[in-house]
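Asks: Next up is a structure, given as structure tokens.
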Amino acid sequence: MKFQKDTKIKIFKYIISTDFFLKLFTQQQIMDFIESIWDLRLMPSTDLRFNDLASDIHQHIINNNDYDNDTLFLQKLALIENDEKFKLFIEQVVSPNYNNEESEIIKLVEVISVH
């Protein structure tokens, strides 16, 4: 599956606007979700206070809540730049591990399929 950059951004923007995505944060599943796609312990942090990206993201998403979704996914994780990670992101969005609402899954698949 290969998407153009602008298509990836449209899909990403749609996904982060859904109730499903909000639930990941409210149910404290966001770190598990991210770590199902990226091995954050092996990724360096750009913040010198942290040894790895896992610690960095945990601090800024869970403790401080001062990274927005664009900062997290587009800047820190470079989601749009990596086709394989983008594919995994989509797979996890519709995975029953994180999304058990059939109607939401169907709508997400429909939106993705259009692109």
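Asks: Could you list, in sequence order, all residues of the stretch 1-30 that are polar (S, T, N, Q) and either assigned to a helix (DSSP H, G or I) or touching a residue at least 12 places away in the same chain (Cβ under 8 Å) (or both)? Spell out the reasoning first.
Replies: From the stretch 1-30, those polar (S, T, N, Q) are 4, 7, 17-18, 26-29; that's our starting set.
Selection gives Thr7, Thr18, Thr26, Gln28, Gln29.
Asks: Tell me which helices (runs of 4 or more DSSP H) are completely within the stretch 33-115 and hold 3 or more residues being surrounded by fewer than 16 Cβ atoms within 10 Å (Cβ to Cβ), or say none if there are none. Break it down into steps so the answer makes sense when it comes.
Replies: Values: elements: 53-57, 83-93, 102-114.
Once the helices (runs of 4 or more DSSP H) in the stretch 33-115 are filtered for at least 3 residues that are surrounded by fewer than 16 Cβ atoms within 10 Å (Cβ to Cβ), what remains is 83-93, 102-114.
Asks: Which of the following residues is among the β-branched types (Val, Ile, Thr) and modelled with pLDDT of 95 or more: Ile80, Ile105? Even if it seems obvious, please write down each step before you answer.
Replies: Working: Ile105 fails: modelled with pLDDT of 95 or more.
After ruling out the rest, the residue left standing is Ile80.
Asks: Take the stretch 24-52 and flag every residue that is aromatic (Phe, Trp, Tyr) and over 17 Å from Asn97 (Cβ atoms). Lay out the reasoning, then the answer.
Replies: Here is the first cut: in the stretch 24-52, the residues aromatic (Phe, Trp, Tyr) are 25, 33, 38, 50.
Matches in the stretch 24-52: Phe50 only.
Asks: Separate question: So which residues in the stretch 89-115 are without any contact (Cβ under 8 Å) to a residue 40 or more places away in the chain and β-branched (Val, Ile, Thr)?
Replies: Val94, Ile105, Ile106, Val109, Val114 - these are the residues of the stretch 89-115 that are without any contact (Cβ under 8 Å) to a residue 40 or more places away in the chain and β-branched (Val, Ile, Thr).
Asks: May I pose another question? Among the listed residues Ile62, Ile57, Ile80, identify the single one that is closer than 20 Å to Tyr14 by Cβ, among the β-branched types (Val, Ile, Thr) and out of contact with any strand residue (DSSP E or B) (no Cβ under 9 Å at 6 or more places or on another chain).
Replies: Values: Ile62 fails: closer than 20 Å to Tyr14 by Cβ; Ile57 fails: closer than 20 Å to Tyr14 by Cβ.
On inspection, the qualifying residue turns out to be Ile80.
Asks: For Ser17, indicate whether it is modelled with pLDDT of 90 or more, under 13 Å from the mean Cα position of the chain (by Cα) and loosely packed, with under 13 Cβ neighbours inside 10 Å. Working first, answer last.
Replies: Working: modelled with pLDDT of 90 or more: yes; under 13 Å from the mean Cα position of the chain (by Cα): yes; loosely packed, with under 13 Cβ neighbours inside 10 Å: yes.
Considered against the rule, which asks whether it is modelled with pLDDT of 90 or more, under 13 Å from the mean Cα position of the chain (by Cα) and loosely packed, with under 13 Cβ neighbours inside 10 Å, Ser17 comes out as yes.
Asks: Would you mind stating whether Ile61 is more than 20 Å from Ser113 (Cβ to Cβ) and either touching a residue at least 24 places away in the same chain (Cβ under 8 Å) or of a type outside the set (Asp, Glu) (or both)?
Replies: Numbers: more than 20 Å from Ser113 (Cβ to Cβ): yes; either touching a residue at least 24 places away in the same chain (Cβ under 8 Å) or of a type outside the set (Asp, Glu) (or both): yes.
When the stated conditions are applied, Ile61 passes them.
The values are calculated or read from the model by the stated rules, or taken from the named source; none is laboratory data. Predicted model only: the values in this text are computed from it and were never measured. Ideal geometry is used to build each Cβ from the backbone, glycine not excepted, and the neighbour counts take in all protein chains shown.
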